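Student: Structure provided below as structure tokens; questions to follow.
The values are calculated or read from the model by the stated rules, or taken from the named source; none is laboratory data. Just so you know, these numbers come straight off a predicted model, no measurement behind them. All Cβ positions, even for glycine, are placed from backbone atoms using ideal geometry, and neighbour counts span all protein chains on display. Heavy atoms of the whole protein, side chains included, go into the accessibility calculation; ligands, DNA and RNA do not. Shrake-Rupley method; radii C 1.70, N 1.55, O 1.52, S 1.80 Å.
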Amino acid sequence: MANIDLPIRDSFGSKLGVVAATAGSAVGLGNIWRFPYVAGENGGGAFLLIYLCFVFAIGFPVMLAEFTIGRRAQRNALGSFKKLAPGKPWYLIGLMGIVAAFMILAFYSTIAGWTLEYLVQASLNGFDGKTTDQLTRSFEIFQSGSFRPVLWQLVFMFLTAFIIYKGVKNGIEKYTKILMPLLVVLIIIICIRSLTLEGAKDGLDFLFRPDFSKIKLNVILIALGQAAFSLSIGMGTLITYGSYIQKDNNLPVTALQVSTADTVIAILAGVMIFPAVFAFNINPAEGPGLVFIVLPNIFEQMAGGYFFSILFFILLAIAALTSTVSVLEVVVAYFSEELNMSRSRATVIAAAAISIVGIFATLSFGPLSKALIFGKTIFEWFDYLSANILLPLGAILIVLFVGWYLGKKNVRDELSNRGELKGKFVSTFMVIVKFIAPIAITMAFIYGLGLIG
Ligand code: PFF
């Protein structure tokens, strides 16, 4: 392998900063909004079990593979492949990642916008004294509108672009270190309230007692998609972030910490939501509105609910922001490094283009709710295609690249920090990336897409 040059690029300042920023990307609406509703639609406990297997058997190694590529190449998601495999078509993985980034940000910003609306409603004491029916109804009215959801989405995209424009170290890294732990504390407080509601036990049963009769074959792919989405893998986000990680960072430890933190928060979100779902008689398969209907109910019943609701939606919006920033960074790093644009120009163009596409996702709940393409709205297509198809496909190609192209010598060199760490696990890791992960993901595709049977 040729000597790796170290161009002067922005980078993370400290080890804690790396974990905070990467965990900031991983932990977001995927854990608190998407995980509960997808688990709710797909049977609860059995889904959780499959999800956990995927996180640790596939997600963690893919995360490590992405870090390895990014830190070795010191480039953006597409440029990394060009640098490590010059003249070969591997860079197409990066291109696919850019497409996935567009789709994800387009629909993610819809939901992120909802968190801002709910922050305002919480501040106006909008949940107080309302029944479950009223809270459900007011969510539906808001969601199916046009002006407010689009406005909030654009506000959110603006905030994302603003942080990216400012650069990584002094923006994301600084704030995530403080805010993420605070979010966890708050979730635990809300969990306690939820668990002490009457009828909470049914919710815990739903989440933790697997009922395999509820499992359809496509659930396997949906669980894999959720794992990929939640861990931010499969589209080059972690290649890009990996390229900002210092050379002395212990990558396997970082990847394990981030995967574990992400999973713990998803489970806590489940513990926060499901007891309340059953206590208030809400349908667990309610869909994307689930947390926005359930949470106000909990706050309404909670001592200090007014205060906690405001704090919660602030933190949720921030958790979403540290994720949207990481998605936009993929596109901006690509535009600026590969297409030679200035960072500010790249930021404006990417954010504007994604916002325009995003409006269609937002309107899918209102004026465009009847505009179905093969039975799905535009929002549903972006969500389905990115999480369940593009990310798992990206993940497969990434592990194949690391396993079969980059090879053991390079991987060992990178993961052991050029021999400074022992790297005992490298052989196991190679078996996973060469065989186990690609085969498992392929199987999930075959079953999930109903290609057989
Ligand atoms: N992992 C984020 C979440 O769980 O909210 C969403 C996400 C961020 C997905 C970055 C993909 C990505 F590249």
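Student: Sort out for me the Cα centre separation of region 67-121 from region 197-238, rounded to whole Å.
Tutor: What the calculation gives is 23 Å, centre to centre.
Student: Check cross-link reach from residue 216 to the aspartates and glutamates: straight Cα distance under 18 Å, and skip same-chain residues fewer than eight apart.
Tutor: The qualifying aspartates and glutamates are 41.
Student: Right, something else. Just read off the accessible area of residue 229 with the full protein assembly in place, 1.4 Å probe, to the nearest 10 Å².
Tutor: My reading of the accessible area for residue 229 is about 20 Å².
Student: Once label points are set 7 Å from the Cα along Cα→Cβ at both residue 212 and residue 141, what is their separation, rounded to one decimal in nm?
Tutor: 4.8
Student: Residues of region 74-136: accessible area per residue at 1.4 Å, in Å²?
Tutor: Details: 2210 Å² over 63 residues.
Heavy-atom accessible area per residue stands at 35 Å².
Student: Expressed as a fraction of 2.2 N^0.38 Å, the rule-of-thumb size for a compact globular protein of N residues, what is the C-alpha radius of gyration of region 305-453?
Tutor: On the way: Rg = 20.8 Å, N = 149, 2.2 N^0.38 = 14.7 Å.
With N residues counted in region 305-453, Rg over 2.2 N^0.38 Å equals 1.41.
Student: Ok, one more. Could you work out the per residue convex hull volume over the alpha carbons of region 197-273, in cubic angstrom? Walk me through the numbers before you get to the answer.
Tutor: Numbers: hull volume 9.0 nm³, N = 77.
Normalising the Cα hull of region 197-273 by residue number yields 117 Å³.
Student: Run the simple label-point estimate for residue 424 and residue 339 please: 7 Å along Cα→C-beta, distance reported in nm.
Tutor: Modelled inter-label distance: 4.8 nm.
Student: In terms of Cα to Cα distance under 19 Å, which aspartates and glutamates are near enough to residue 15, apart from those fewer than 8 places away along the same chain?
Tutor: Qualifying aspartates and glutamates at Cα under 19 Å: 66, 173, 248, 262, 414, 420.
Student: If you don't mind, another one. May I ask for the Kirkwood hydrodynamic radius of region 364-415, worked out over all distinct Cα pairs and given in angstroms to one decimal? Kindly include the intermediate steps, with their values, before the conclusion.
Tutor: Working: mean 1/r = 0.0739 Å⁻¹.
Value: 13.5 Å, from the Cα pair sum.
Student: Oh, and also: Mind scanning 130/376; 82/434; 83/408 and naming the pairs with a C-alpha gap bigger than 25 Å?
Tutor: Values: 130/376 32 Å; 82/434 21 Å; 83/408 18 Å.
Among 130/376; 82/434; 83/408, the Cα-Cα distance tops 25 Å for 130/376.
Student: Just order 357-367, 130-140 by mean Cβ neighbour count inside 10 Å, highest at the front, would you?
Tutor: Numbers: 357-367: 21.3, 130-140: 15.6.
Ranking the peptides 357-367, 130-140 by packing returns 357-367, 130-140.
Student: How much length would be gained if the chain were fully extended between residue 446 and residue 205, taking 0.36 nm per residue of separation minus their Cα-Cα distance, in nm to one decimal? Spell out each step's value before the answer.
Tutor: On the way: separation 241, 0.36 × 241 = 86.76 nm, distance 3.03 nm.
Contour length minus Cα-Cα distance gives 83.7 nm.
Student: Something else now. More than 35 Å apart: what percent of Cα pairs in the chain qualify? Provide the component values of the computation, followed by the final result.
Tutor: Values: 26494 of 102378 pairs.
Of the Cα pairs, 26 percent sit more than 35 Å apart.
Student: Return the distance in nm (one decimal) between the two label points of a simple spin-label model at residue 257 and residue 53, each offset 7 Å from Cα along Cα→Cβ.
Tutor: 3.0
Student: Take the Cβ-Cβ distance between residue 372 and residue 264 as r, set R0 to 41 Å, and report the resulting FRET efficiency rounded to the nearest 0.05.
Tutor: Numbers: r = 37 Å, r/R0 = 0.90.
Efficiency computed from Cβ-Cβ geometry: 0.65.
Student: What's the ranking of 293-305, 178-190 by average number of surrounding C-beta atoms within 10 Å, highest first?
Tutor: Numbers: 293-305: 20.7, 178-190: 16.3.
Most protected by this proxy first, the peptides run 293-305, 178-190.
Student: If eta is 0.692 mPa s and T is 37 °C, what Stokes-Einstein diffusion coefficient results for region 227-342, Kirkwood Rh from Cα pairs, in µm²/s? The partial results should precede the final answer.
Tutor: Working: Rh = 17.0 Å.
Using the Kirkwood radius from Cα pairs, D works out to 193 µm²/s.
Student: Helix check for the chain. Which DSSP H runs span at least 27 Å along their own axis by Cα, with a mean Kyte-Doolittle hydropathy no less than 0.0?
Tutor: Values: long enough: 91-123 (47 Å, 1.45); 147-166 (29 Å, 1.36); 174-195 (33 Å, 1.91); 251-279 (42 Å, 1.75); 305-338 (49 Å, 1.66); 343-363 (30 Å, 1.50).
In the chain, the long hydrophobic H runs are 91-123, 147-166, 174-195, 251-279, 305-338, 343-363.
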